[in-house]
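Shown next, in structure tokens, is the structure this report addresses.
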Amino acid sequence: MGDRDSIYGFAAVGLEVIPAEEDAAAGRKLRDLADGGYAVIYITERLYKFLEADIAEYQEFVLPAIIPIPGASGSSGMGVEMVKKSVERAVGSDILFGNEKGGG
Amino acid sequence: MAKKQVNPTRMELTAQKRKLITAVRGHKLLKDKRDELMRQFLILVRENMSLRLEMERGLAGAAANFILARAVIPSPVLDTGLLLANQEVGLEAGQKNIMGVLTPVFQFNLRNPDGAGSYSYGLSFTTGDLDIAVKSLADVLPVMLRLAEAEKGCQLMAAEIEKTRRRVNALEYTVIPEMRETIKYITMKLDENERSNQIRLMKVKDMMLEQAHHYEEKAWRER
């Protein structure tokens, strides 16, 4: 899921592509996907940020896995940030990647 | 420390002692669970991080390739070419139980696993740039799927660890000390009652002896 420019390539490798802009319809689309039996939903970082509240609802379920991917505009380091956040949540502080530079 | 209001009785004392044993045992078990979860989590999260970095590098490369392709090939040709996918990713989702945390396991199968004929467009109207772009994206795909598994697993485990840690801490720093306090309070109260009872009995005995034998009177007379 994401803006067209970021995701059209994935159609060629066999993923289903759902173009979505940052508006109210995006949240609805995400819900349709999540409740519609999709196990993995890749979503561009920009849209992920926009839909954060909706995504948080699915966080505690085993499925679907909603995974942010960098869009056409490049990585904002948000994905790495999220990994760090889960370390912080579990350990109490970021002991693993604290001194490494994020981004990729 | 704020103490719970309890009846200082023997029955209550036994109940509290039993509760304390359960709490201590639960604490130990939870602590073990937390340690093991943490160990598993650290393994998983390291994998998660390296996969994510790999994916982001791969996607950045693929995006650059697509921009190149887009520059060369007219947009309608490109769009129709990419719309008709020859390849299809089937996904089977299972669950794995890591220390009581259900994490997803994905198994994916490509319709064309060998990649033969995986380009969905005619080669006559497109350039090699597009082939390279699609290829680079196809290469990242397995990483993306593994990442989905690892990342979701990490999130779920992080939540579980947090929960367990809170429980361990609550037991260690609140519940167990409170129980010890209560037990101490009951014991002291019972001892106190015991002593006062003893004294009362001694006093009564003195009084009864006095009544029976009139010691004091005799002592006074002998003087």
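The values are calculated or read from the model by the stated rules, or taken from the named source; none is laboratory data. Fair warning: this is a prediction, and the values are worked out from it, not measured in the lab. In this analysis, Cβ positions are derived from the backbone assuming ideal geometry, glycine residues included, and neighbour counts consider all displayed protein chains.
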*asked:* Looking at B:ALA62 and the list (1) modelled with pLDDT of 85 or more; (2) crowded, with 16+ Cβ neighbours inside 10 Å, which single condition is not satisfied?
replied: (1)
*Mind checking which pairs have a first residue in region B:5-27 that is touching a residue at least 24 places away in the same chain (Cβ under 8 Å) and a second that is surrounded by 11 or more Cβ atoms within 10 Å (Cβ to Cβ) and of a type in the set (Ser, Thr, Tyr), Cβ under 8 Å, 6 or more apart or different chains?*
B:VAL6/B:THR182; B:VAL6/B:TYR185; B:PRO8/B:TYR185; B:LEU13/B:THR187; B:GLN16/B:THR182
*Among the residues of region B:113-131, write down those that are at pLDDT 60 or above and either touching a strand residue (DSSP E or B) at 6+ places or on another chain (Cβ under 8 Å) or of a type in the set (S, T, N, Q) (or both).*
B:SER120, B:SER124, B:THR126, B:THR127
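With respect to B:MET38, is the statement that it is modelled with pLDDT of 70 or more, assigned to a helix (DSSP H, G or I), out of contact with any Asp or Glu (no Cβ under 6 Å at 6 or more places or on another chain) and closer than 21 Å to A:MET78 by Cβ true? Full working, then the answer.
Values: modelled with pLDDT of 70 or more: yes; assigned to a helix (DSSP H, G or I): yes; out of contact with any Asp or Glu (no Cβ under 6 Å at 6 or more places or on another chain): yes; closer than 21 Å to A:MET78 by Cβ: no.
Judged against the criteria, B:MET38 is not a match.
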*Filter result (closer than 20 Å to B:ASP32 by Cα, within 7 Å of chain A (Cβ to nearest Cβ) and of a type in the set (Gly, Ala, Ser)) within region B:137-190*: B:ALA158, B:ALA159
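Filter region B:20-31 down to residues that are out of contact with any helix residue (DSSP H, G or I) (no Cβ under 6 Å at 6 or more places or on another chain) and surrounded by 13 or more Cβ atoms within 10 Å (Cβ to Cβ) and give me whichever is nearest to B:GLU194 (Cα to Cα).
Keep residues of region B:20-31 that are out of contact with any helix residue (DSSP H, G or I) (no Cβ under 6 Å at 6 or more places or on another chain), which gives B:21-22, B:24-26, B:28-29.
Next cut, surrounded by 13 or more Cβ atoms within 10 Å (Cβ to Cβ) only: B:24, B:26.
On the way: B:VAL24: 29, B:GLY26: 34 Å.
If we take residues in region B:20-31 being out of contact with any helix residue (DSSP H, G or I) (no Cβ under 6 Å at 6 or more places or on another chain) and surrounded by 13 or more Cβ atoms within 10 Å (Cβ to Cβ), then B:VAL24 is nearest to B:GLU194 (Cα to Cα).
Considering only residues that are of a type in the set (A, V, I, L, M) and assigned to a helix (DSSP H, G or I), look in region A:14-52 and name the one that is farthest from the other protein chains (Cβ to nearest Cβ). Full working, then the answer.
Of region A:14-52, the ones of a type in the set (A, V, I, L, M) are A:15, A:17-18, A:20, A:24-26, A:30, A:33-34, A:39-41, A:43, A:47, A:51.
Still in the list and also assigned to a helix (DSSP H, G or I): A:24-26, A:30, A:33-34, A:47.
Values: A:ALA24: 26, A:ALA25: 21, A:ALA26: 20, A:LEU30: 16, A:LEU33: 13, A:ALA34: 13, A:LEU47: 15 Å.
The selected residue is A:ALA24.
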*Out of B:GLU47, B:GLU56, which single residue is crowded, with 16+ Cβ neighbours inside 10 Å, more than 16 Å from B:ILE161 (Cβ to Cβ) and either more than 10 Å from chain A (Cβ to nearest Cβ) or modelled with pLDDT of 85 or more (or both)?*
B:GLU47
